[in-house]
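The values are calculated or read from the model by the stated rules, or taken from the named source; none is laboratory data. Source: prediction; values computed, not measured. As a convention, Cβ positions derive from the backbone with ideal geometry for all residues, glycine included, and neighbour counts pool all protein chains shown.
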Amino acid sequence: MKYKHALFLYPYIENHATSVMKLFPPTGLEYVAASAKDYVGKITLLDLRYEKELTNPVSLFSFIKKEIDIICVSIGWDRQFKEICDLLSCLPEDVPLIVGGYKATETTEELFKTCPPIKIIVRGEGEETIREILKGIPLKDILGISYRQDGKVVHNPNRPLPAVDTITPPDRSLRNNDYRLSVNGVNVMNLTFDSVLSARGCPYNCKFCTFSLNPLGQKRNYSARSVDSVVEELEHIDAKVILFSDDNLFADIQRAEKICDGIIEHKIKKRFVAQARLEIAKYPRLLEKMVKAGFKALLLGIESPHDRILAQLNKGFDSAMIREAFKVLNKYPIYYNGYFIYGNIGETKEEMLYISQFAKEIGIDSIATNKLRIEKFSPLRALAEKTPGYHITERGELYSDMYSHATLKKIGRTIKFSFYTPSRYVKILWKNVFVTKFFTFGEIISLSVVIPRLIAASVKREIKKGRFIDSLKRTFLSNKA
Ligand code: SF4
């Protein structure tokens, strides 16, 4: 074997008191590590969110120097980009450093410029590519990589996307830790979390979507694992809460029903969370099976209350269909979180602020709002570029002469505060304990012990940002938005 010991490193560091960002494993990196298993002597998987003593570059450097002969790092997100570049720049230059992930694919040139130790960047999905690198195939013959050669960066052609059934699921024995909810380092509710990927891609074509379109502009066609392999993987997971990280677990309704049947038949007692489209409301038999199988929460992309915007985003439904769907969905003991996009092309402030009112009208449990982003290959780019007064930053943020970043940020906070009133938090708690039974009563009691700490941490954060009084006003006078 060319390499004896590979380090697979998840480089994000989380210092917040509450660890919501630490709940789930680094699925993408774990998939790549699993596919590398037979091609390297030993694999060490390190998640820096949990490896406090290695977050210092000096300790990480000496750990690597001792025995590692190749390093693979995943950079999937915008956040901490600079910090990660700084950390990678401190790694030993004589150990090959391979970087991959969504963000790394998007910023290949920049990463080569800012991080001298990077030798290869794996663009797009990395499972097949990493095997070829570890086998020692000449770099010029490996699809989907960019690499340094004679002081220049060479970009090889893209790699076609593989069928998902050829990909090995993660080896959970490589983990050094469980994934849990903790506050100030104290584990709460004794709940463990994990994620499973049953399919990649999505058959829909929402124009803003970056899930089904990778940063190379390749559309990920829907590709699903066999139901048996998914059920078998679920059977061997210890965690109590499992997130299906599929773009849309219910893209194939019959297959989704079979997964539920398998979970029920094999008596797999877990609490499941999944992303879905609201067309799921048309399938009551599936919804019943989901409840029986333990599906407790669905994350739904609703995007907008306005038909004009929904059509612009090519969402495939209108506001009347959203209202009808929720009349059905709200009959089932499932928690619904809705994603909304604001700052769309041509959207007025009043239209953006209506999101909160609309969410209350349809009876959704919680919302998450995001500003519209226009990625490099987004089908919305042409429309944004030709619409007078609209601009796109290098990072893909859309703003206009009328609505600057700061104004949009303010609007986003107003939407959030007008939805999340104190009574909303009570409703959320009630639904999760008495309706969906996501949490047991005992778990909630154990959570109540840390609630004062959570409030203190949040107040501290608001004071630090200089907006504590503002937050108080918004919380108690929220409907005046
Ligand atoms: S349904 Fe969801 S995953 Fe599929 S294209 Fe639309 S936004 Fe993307």
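Summary table below
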{"read-out": "All helices (runs of 4 or more DSSP H) inside the stretch 76-189 with 3 or more residues being of a type outside the set (A, V, I, L, M, F, W, C) and without any contact (Cβ under 8 Å) to a residue 12 or more places away in the chain", "value": "none"}
{"read-out": "Answer residue from the stretch 287-303, given it is of a type outside the set (A, V, I, L, M, F, W, C) and over 19 Å from ARG381 (Cβ atoms) and is farthest from the ligand (Cβ to nearest atom) among those", "value": "LYS292"}
{"read-out": "Failed condition for GLU14, given (1) outside any helix (DSSP H, G or I); (2) surrounded by 22 or more Cβ atoms within 10 Å (Cβ to Cβ)", "value": "(2)"}
{"read-out": "Check on PHE250, away from the ligand (no atom under 16 Å from the Cβ) and either under 20 Å from LYS437 (Cα atoms) or modelled with pLDDT of 95 or more (or both)", "value": "no"}
{"read-out": "Failed item, numbered, when LYS65 is tested on (1) part of a helix (DSSP H, G or I); (2) in contact (Cβ under 8 Å) with a residue 40 or more places away in the chain", "value": "(2)"}
{"read-out": "The stretch 205-243, residues that are at pLDDT below 75, within 16 Å of the ligand (Cβ to nearest atom) and assigned to a loop (DSSP other than H, G, I, E, B)", "value": "THR210, PHE211, SER212, ASN214, PRO215, GLY217, GLN218"}
{"read-out": "For ASP194: the one exception among (1) of a type in the set (Asp, Glu); (2) under 30 Å from ASP318 (Cβ atoms); (3) more than 16 Å from the ligand (Cβ to nearest atom); (4) within 19 Å of the chain's Cα centre (by Cα)", "value": "(2)"}
{"read-out": "Residue that is farthest from the chain's Cα centre (by Cα) [pool: residues in the stretch 78-105 that are closer than 12 Å to PHE61 by Cα and either buried (at least 18 other Cβ atoms within 10 Å of the Cβ) or of a type in the set (A, V, I, L, M) (or both)]", "value": "VAL95"}
{"read-out": "Hits in the stretch 56-69 - residues which are crowded, with 16+ Cβ neighbours inside 10 Å and under 27 Å from the mean Cα position of the chain (by Cα)", "value": "LEU60"}
{"read-out": "Filter result for the condition that a residue is of a type outside the set (Val, Ile, Thr) and closer than 30 Å to ARG255 by Cβ, over PHE340, PHE358", "value": "PHE340"}
{"read-out": "Criterion: among the aliphatic types (A, V, I, L, M), at pLDDT below 90 and either touching a strand residue (DSSP E or B) at 6+ places or on another chain (Cβ under 6 Å) or surrounded by 14 or more Cβ atoms within 10 Å (Cβ to Cβ) (or both) - qualifying residue of VAL183, VAL154, VAL196", "value": "VAL183"}
{"read-out": "Any hit, the stretch 263-274, residues being in contact with a Lys or Arg (Cβ under 9 Å, 6 or more places away or on another chain), at pLDDT 95 or above, part of a strand (DSSP E or B) and more than 16 Å from the ligand (Cβ to nearest atom)", "value": "yes"}
{"read-out": "Test: residue in the stretch 47-54 that is touching a Leu at 6+ places or on another chain (Cβ under 7 Å) and modelled with pLDDT under 95", "value": "yes"}
{"read-out": "Inter-residue pairs, beta-carbon under 8 Å, first assigned by TED's automatic domain parsing to the domain that holds THR348 and of a type in the set (Asp, Glu) and in the stretch 365-376, second in a strand (DSSP E or B) and surrounded by 19 or more Cβ atoms within 10 Å (Cβ to Cβ), 6+ apart", "value": "ASP365/TYR335; ASP365/TYR336; GLU375/LEU213"}
{"read-out": "Residues (surrounded by fewer than 21 Cβ atoms within 10 Å (Cβ to Cβ) and under 19 Å from the mean Cα position of the chain (by Cα)) located in the stretch 301-345", "value": "TYR335, ASN337, TYR339"}
{"read-out": "Residue count, the stretch 76-127 (criterion: touching a helix residue (DSSP H, G or I) at 6+ places or on another chain (Cβ under 8 Å) and either among the basic types (Lys, Arg) or outside the structural domain of VAL153 (by TED's automatic domain parsing) (or both))", "value": "2"}
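For every residue, the table says whether it meets (1) farther than 30 Å from THR108 by Cβ; (2) β-branched (Val, Ile, Thr).
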{"position": "ILE345", "(1), (2)": "no, yes"}
{"position": "LEU353", "(1), (2)": "yes, no"}
{"position": "ALA359", "(1), (2)": "yes, no"}
{"position": "GLY363", "(1), (2)": "yes, no"}
{"position": "GLU385", "(1), (2)": "no, no"}
